[in-house]
Amino acid sequence: MGLERDCLGGSLFRSMIFESATLLNEQREEINFLNVYPVPDGDTGTNMALTLLAAAKEVERCSSDSLGDLADAAAKGSLVGARGNSGVILSQLLRGFAQPLQDKDKAVVADLAQALQEASATAYKAVMRPVEGTMLTVARYAAEAGKQAVRKETDVVKWWKLVLEAAEKGLAETKKMLPALAEAGVVDAGGQGVVTILRGAYAALVRGEVPAVTGVSSAGGTIEAPAGDTVGIRELESIEFRYCTELIVRGKEIPIDALREKLAVLGDSLLVVGDAETAKVHVHTNNPGQALEICGEYGEMLEIKIDNMAEQNRQASRHSQAAETNGKSPSASASEAEEGQETAGTTEEKEIGIVAVALGSGWKALFEGLGV
């Protein structure tokens, strides 16, 4: 089946999601080693890849070929599967993108431009204190270009190319907008993830083929590693809010704004998104237990995850230093370091072992997040 170049249908959108998810997953390590803001914990690529893979799986489950239905499936899958700050923001980009496409079997470039604008606006609204020089900036550049391109382009492939070029320009600008990125000589990791997603979608558009739905397809072609990805991640002396805490809250009438207000005093990088029945919570805090107690007041807690970002930063820094010393790529060094840790873990004997017994998944996640 060829592409109807004057509109985008659901079947090809499915292919675009698969292609983007596959490509992002392949590029996750390179994106991880761009991760210096807001916390250099080296997991932005992984978090965005897992989030988009969750969206792709939900799209695969959807039997409809309606663009609106598939966009909605991607949004729902990404919300439930969102990982980390970047993953939650990505889920909001997909949520905003889906909203103007409801009840549409196909979309012309004007519809897609509106979807990109709503995607950007929804992501900005989700962040309490939006910062320029991040993935928000890249999404905004793409949305603004999409709006302008409608005036001169009706071909979906050519229109998407203009959007992609604008996103790449916005990505280059991030290095100038944030001192942390300028100092490290890298572009924003989340922004690189957004560009990678758009590139994957464009590759699917260019092929104009709709593969059989048997799983996430293999991405065609390769993408060059972003310039500066070998600069690496430096170990921080301290992190103000140590624990990345995220979970899903399910209830009957969750007051999103009230929940967000209660959690705001516990730390930063706070995101509370969703609806009255399902809310995704992400916060960097030194009191993950208190965050769980607050969330527990509003409903059932699921998918609880607590990461020690200081330890993540130390590990990422060691991998980066090993890569610089050995003259290897960050991804190869990280892989070898992980293998070495696994081997050492099976042979090294400890003098003392401590077992923590916890009742319930919440306490289990809390202990694991603290390194127990």
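The values are calculated or read from the model by the stated rules, or taken from the named source; none is laboratory data. From a predicted model like this one, the values you see are computed outputs, not experimental measurements. Here Cβ is always computed from backbone atoms with ideal geometry, including for glycine, and neighbour counts include all displayed protein chains. Areas reflect the complete protein model, heavy atoms only, side chains present, ligands, DNA and RNA absent. Shrake-Rupley method; radii C 1.70, N 1.55, O 1.52, S 1.80 Å.
With the convex hull drawn around the C-alpha atoms of the stretch 70-182, the volume per residue stands at 97 Å³. Which of the three applies to the stretch 43-87, rounded, prolate or oblate, going by the alpha-carbon gyration tensor with a ≥ b ≥ c and a/c under 1.5 meaning rounded? Prolate, since a/c reaches 1.5 and a/b exceeds b/c. Under a 5 Å amide H cut-off, with hydrogens placed 1.01 Å from N, LYS106 pairs with LEU67 among residues at least 5 apart or on other chains.
Around the amide H of TYR37, modelled in the peptide plane, lie the amide H atoms of ALA189, all under 5 Å away and 5 or more residues distant in sequence or on another chain.
Over the stretch 87-202, Cα pairs under 8 Å with separation of 6+ residues give a relative contact order of 25 percent. Extending 7 Å from the Cα toward the beta-carbon at both VAL131 and VAL265 defines two label points whose distance is 2.4 nm. Per-residue surface analysis assigns ARG28 an accessible area of about 80 Å², computed on protein heavy atoms at 1.4 Å probe radius. Rg and Dmax over the alpha-carbon atoms of the stretch 12-119 stand at 13.9, 42 Å. In this label model, ALA182 and ILE354 are separated by 4.4 nm, measuring between points 7 Å along each Cα→Cβ vector. Rounded to the nearest 0.05, the FRET efficiency derived from the C-beta distance between ALA258 and ASP103 at R0 = 30 Å is 0.45.
Solvent-accessible surface of protein heavy atoms, probed at 1.4 angstrom with all chains present, puts ILE239, ILE31 in the order ILE239, ILE31, largest first. Modelled this way, with points 7 Å down the Cα-to-C-beta line, the labels at GLU311 and GLU293 are 2.3 nm from one another.
Ligands, DNA and RNA excluded, the heavy atoms of LEU94 present near 30 Å² of accessible surface to a 1.4 Å solvent probe. The packing ranking of peptides 180-191, 145-156, 266-277, highest mean first, is 180-191, 266-277, 145-156, where packing means the average number of other beta carbon atoms within 10 angstrom of each residue. A simple packing score, the average count of other Cβ atoms within 10 Å per residue, orders the peptides 131-143, 249-261 as 131-143, 249-261, with the highest score first. Using the Stokes-Einstein relation with a Kirkwood hydrodynamic radius computed over Cα pairs, the translational diffusion coefficient of the stretch 153-209 at 4 °C and a viscosity of 1.567 mPa s comes to 106 µm²/s.
Ellipsoid semi-axes for the stretch 254-296, based on the Cα gyration tensor and the rule √(5λ), read 16, 10, 8 Å when sorted largest first. Rounded to whole numbers, the Karplus 3J(HN,Hα) couplings from phi for the stretch 113-119 are 5, 5, 5, 5, 5, 5, 4 Hz, using 6.51 cos²θ - 1.76 cosθ + 1.60 with θ = phi - 60°, and x at Gly and Pro.
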